[in-house]
Amino acid sequence: MACANVLPCRSFLQPLLLSWLLVRVFGADVKSTNIKMHEGISREEKWKSIGHKGITLWMTGLSGSGKSTISVALERALVQRQQRAYFVYRLDGDNLRFGLNRDLGFSPADRKENVRRVAEVSKLFAEAGAIVVAGLISPYAADRDYAREVHKNASLPFMEVFVDAPLAAVEERDPKGLYKKAREGKIKGFTGIDAPYEKPENPEVHVRTDQLSIIQCVNVILKALDDVELHLAQTFRPVEESESCAAA
């Protein structure tokens, strides 16, 4: 039956619609009840003011595959090597465990919560217009799917970037000495040794760090960003091999 008065009907339906959206976007486990969403400047206005859309690049791969190295190089390429600086925020899995995720370990449940928190933070930054570079091992496909769903429900761009290297290659690199400790039994539940890593089946970007240089990997990602039309005016400038994007 049609509403006799459109405005009162709208006023009645809005809280119901908001509740539905809260469940869809934030999940059914929201404990607080006396809350409401407060609207501000639209994301389109924010994106227009900085000249590009927000997006999350979810960098996943084994420890030692090159996630952090490529993330830093990509950050530098976007901020320092373009005609103008892009708004970039890098969320490094190790760094976050010093603060936001300091209460989490590496059990499956803690890894799940780790991904949930980073996914929500990534969504907030992408909403503000940032190119979010989130680098986490995130070994479980279901958890990565959750991160994707968080962005999809908020109508935000999301790209899974598989930073791939064979186990033999990352064990040889072993920058933190963790694989050696895991092989010696000093670390339990280590991804790739005695804990699983579920490889992405259809990532938007797949880079083999045992076959490509850091700069080549960065340029593959820049090309993918061009393909999704992230920028509102210009295309990204590829980085030359002679240019350094490594940390100073």
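The values are calculated or read from the model by the stated rules, or taken from the named source; none is laboratory data. Please read all numbers here as calculations on a predicted model, not as lab measurements. Every residue, glycine among them, receives a Cβ derived from its backbone with ideal geometry; neighbour counts consider all protein chains shown. Each accessible area value is taken on the protein alone, full model and side chains, heavy atoms only, with ligands, DNA and RNA left out. Shrake-Rupley method; radii C 1.70, N 1.55, O 1.52, S 1.80 Å.
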Exercise. If VAL161 passes every condition in (1) within 25 Å of LYS223 (Cβ to Cβ); (2) open to solvent by 20 Å² or more (accessible area, probe 1.4 Å) but one, which one does it miss?
Worked result: (2)
Seminar exercise, completed: The condition from (1) closer than 30 Å to ILE50 by Cα; (2) not in a helix (DSSP H, G or I) that SER122 misses is numbered (2)
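To keep it simple, each residue is scored yes or no on (1) in contact with a His (Cβ under 6 Å, 6 or more places away or on another chain); (2) crowded, with 20+ Cβ neighbours inside 10 Å; (3) at pLDDT 95 or above.
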position	(1), (2), (3)
LEU136	no, yes, yes
PRO139	no, yes, yes
ALA142	no, no, yes
ARG148	no, no, yes
LYS152	no, no, yes
ALA165	no, yes, yes
VAL170	no, yes, yes
ASP174	no, no, no
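Let's see how each residue does on (1) at pLDDT 85 or above; (2) touching a helix residue (DSSP H, G or I) at 6+ places or on another chain (Cβ under 7 Å); (3) small (Gly, Ala, Ser); (4) open to solvent by 80 Å² or more (accessible area, probe 1.4 Å):
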{"residue": "PRO15", "(1), (2), (3), (4)": "no, no, no, no"}
{"residue": "LEU22", "(1), (2), (3), (4)": "no, no, no, no"}
{"residue": "TRP47", "(1), (2), (3), (4)": "yes, no, no, no"}
{"residue": "ILE55", "(1), (2), (3), (4)": "yes, yes, no, no"}
{"residue": "MET59", "(1), (2), (3), (4)": "yes, yes, no, no"}
{"residue": "SER68", "(1), (2), (3), (4)": "yes, no, yes, no"}
{"residue": "LEU78", "(1), (2), (3), (4)": "yes, no, no, no"}
Problem set entry | Some residue of the range 222-232 being surrounded by fewer than 18 Cβ atoms within 10 Å (Cβ to Cβ) and farther than 26 Å from ILE55 by Cβ | no
